[in-house]
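> Structure below; questions to follow.
The values are calculated or read from the model by the stated rules, or taken from the named source; none is laboratory data. Keep in mind that what you see is a predicted model, and the values were worked out from it rather than measured. Backbone-built Cβ (ideal geometry, glycine too); neighbour counts: all protein chains shown. For the accessible areas, the whole protein counts, side chains as well, though only heavy atoms, and no ligand, DNA or RNA atoms are used. Shrake-Rupley method; radii C 1.70, N 1.55, O 1.52, S 1.80 Å.
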Amino acid sequence: MLAARVYGNEDLRLENVEKPRITSPEDVIIKVKMVGICGSDNHIFHGENPFVVLPRVMGHEVVGEVAELGENVKDLLVGDHIVVEQISYCGKCYACRQGMPNVCSHLEALGVHKDGGMQEYLKITAMQAHKIDKSVPWETAVLAEPYTVAGNSTTRGQVGIGKTLVIQGAGTIGLLTLRMAKAKGANVMVTDIDQDKLNFAKENGADEIVNTKNESLKERVTKWTNGEMANVVIDAVGLPQTFEQCFELVSVAGAIVPLGMSEKYSHIAQKPIMQKELTIYGSRMQSYQFEPVIKAIENGLLIDGGVVNQKFDIKDVQKAFDLMNNHPEQARKIVLTFD
């Protein structure tokens, strides 16, 4: 079977590898139907992901059909449609005991620590297999994992009815966080420097959009909130300057949720954290978000709505990464297909 494996900086190879086999009674083998390319995959492609163990088959936004089952797996059938949870964890360490398996001491993530979904068949554990109704198109189902990222960040930031939220960045995660926040009843402003992305965010429910190339974001937030500032700020850009700006935009008793993984330092004074009594929530991947997200997708509360706009056969995986890097304005969400 075919698999796309990264060996180093921009060293991506399409290889023929052995199809996985059932070796444990808890195993599930799925025939991959679609896998999304995430920004973190692109970081791996460029040798910039600090967590990855190379060489590695990338891909953690995975959906497919059950092909084989271990003898202890009783709640799935061959042919079921599956959304794959990317993490496995010990369940015993301090993080797991605190309900945060996404930062487990023994965390393993598909496409990072273990081979992921950019291959025709993938073996996972039954715990990682979440059934989704067959009526849901693959283009929508493949967004379940990034929607869980949006679910986790909005849950961590306590986004809810009547709260004001600023999302910095109108990329895929920013857009899905917007939709998640609107489903939770928040008023949302989205910022970016790309007007087309902002226009799409407006079409997808943003109450306010701000092109930070042309306007003062602080002034717009001040006016929008009548001087209160935003109750929650989610930084989906991840640059030092966008993280620093969060502290100007957030209200007293507010929350900041950084989603970037930059290793560059930001210059943050202690005073605003103390004076406003702020809470800064880290948010890595997700914890226990798959079931509510899948139910919301099945009920039509969370949709594709044009986010998936580029598809490539697995044989053209290099072309997919070329598009992501050379023409990012053309790609909201790129997916690889296996038909």
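> Report the label-to-label distance for Lys311 and Ser216 in nanometres (one decimal), using points 7 Å from each Cα along the Cα→Cβ vector.
Going by the 7 Å Cα→Cβ label model, 4.8 nm.
> Work through the residues other than Asn72 whose Cβ is under 14 Å from its Cβ and net out their charges, Lys, Arg +1 and Asp, Glu -1.
Numbers: positive: Lys74; negative: Glu26, Asp27, Glu68, Glu71, Asp75.
Spelling it out: positives minus negatives among the neighbours equals -4.
> Any idea what angle helix 317-326 forms with the longest principal axis of the chain, computed on alpha-carbon atoms, 0 to 90 degrees, nearest 10?
10 degrees
> Mind grabbing the accessible area of Tyr7 for me, 1.4 Å probe, Å², rounded to tens?
Probe radius 1.4 Å; accessible area of Tyr7 about 80 Å².
> Another question about this same structure. How many angstrom separate the Cα center of the stretch 3-49 from the Cα center of the stretch 207-262?
One Cα centre to the other: 35 Å.
> Under 20 Å between alpha carbons, and skipping anything fewer than 8 positions from Lys315 in its own chain: which lysines qualify?
Reachable lysines: Lys19, Lys31, Lys33, Lys333.
> So what is the calculated 222 nm ellipticity per residue for the chain, using -39500 (n - 2.57) for each DSSP H run with n of 4 or more, over all residues, to the nearest 500 deg cm²/dmol? It would help to have the intermediate numbers written out before the result.
On the way: 11 runs with 93 residues, N = 339.
Result for the chain, helices only: -7500 deg cm²/dmol.
> What does the charge count around Gln286 come to, taking other residues whose C-beta lies under 14 Å from its C-beta (Lys +1, Arg +1, Asp -1, Glu -1)? Walk me through the numbers before you get to the answer.
Numbers: positive: Arg156, Arg284; negative: Glu61, Glu85, Glu145, Glu291.
Residues near Gln286 contribute -2 overall.
> A further question follows. Using heavy-atom solvent-accessible surface (probe 1.4 Å) with all chains present, what is the largest-first order of Cys90, Cys38?
Values: Cys90 45, Cys38 25 Å².
Descending accessible area places them as Cys90, Cys38.
> Do any trypsin sites (Lys or Arg not before Pro) in the stretch 60-131 lie in a loop, going by DSSP, with at most 14 other beta-carbon atoms within 10 Å of their beta carbon, and if so which? Spell out each step's value before the answer.
On the way: sites: Lys74, Lys92, Arg97, Lys114, Lys123, Lys131; in loops: Lys74, Lys92.
Counting only loop positions with at most 14 other Cβ atoms within 10 Å, the trypsin sites (Lys or Arg not before Pro) in the stretch 60-131 are Lys74, Lys92.
> Which of these, Ile256, Ile22, Ile173, has the largest mean-square fluctuation under a Gaussian network model of the chain (Cα springs below 10 Å)?
The residue with the greatest mean-square fluctuation here is Ile22.
> If we count GluC sites (Glu not before Pro) as exposed when they sit in a DSSP loop and have at most 13 other beta carbons within 10 Å, what is the longest stretch of the chain that avoids them all? Working shown, then result.
Numbers: sites that count: Glu10, Glu18, Glu71, Glu215, Glu228, Glu263, Glu277.
Free of exposed loop sites, the longest segment is 72-214.
> Would you rank His46, His130 by solvent-accessible area, highest first, keeping every protein chain in place and using a 1.4 Å probe? Working shown, then result.
Numbers: His46 45, His130 20 Å².
These residues rank, largest area first, as His46, His130.
> Another question, then. Straight-line reach from Lys163: which lysines fall under 21 Å, measuring Cα to Cα and dropping same-chain residues less than 8 apart?
Once the sequence-local lysines are set aside, what remains near Lys163 is Lys182, Lys184, Lys202, Lys218, Lys223, Lys276.
> Further, regarding this structure: Mind running the shape call on the stretch 181-316? Use the C-alpha gyration tensor, a ≥ b ≥ c as the square roots of the eigenvalues: rounded below 1.5 for a/c, prolate if a/b tops b/c, oblate otherwise.
Values: a/c = 1.57, a/b = 1.50, b/c = 1.05.
Because a/c hits 1.5 or more and a/b exceeds b/c, the stretch 181-316 counts as prolate.
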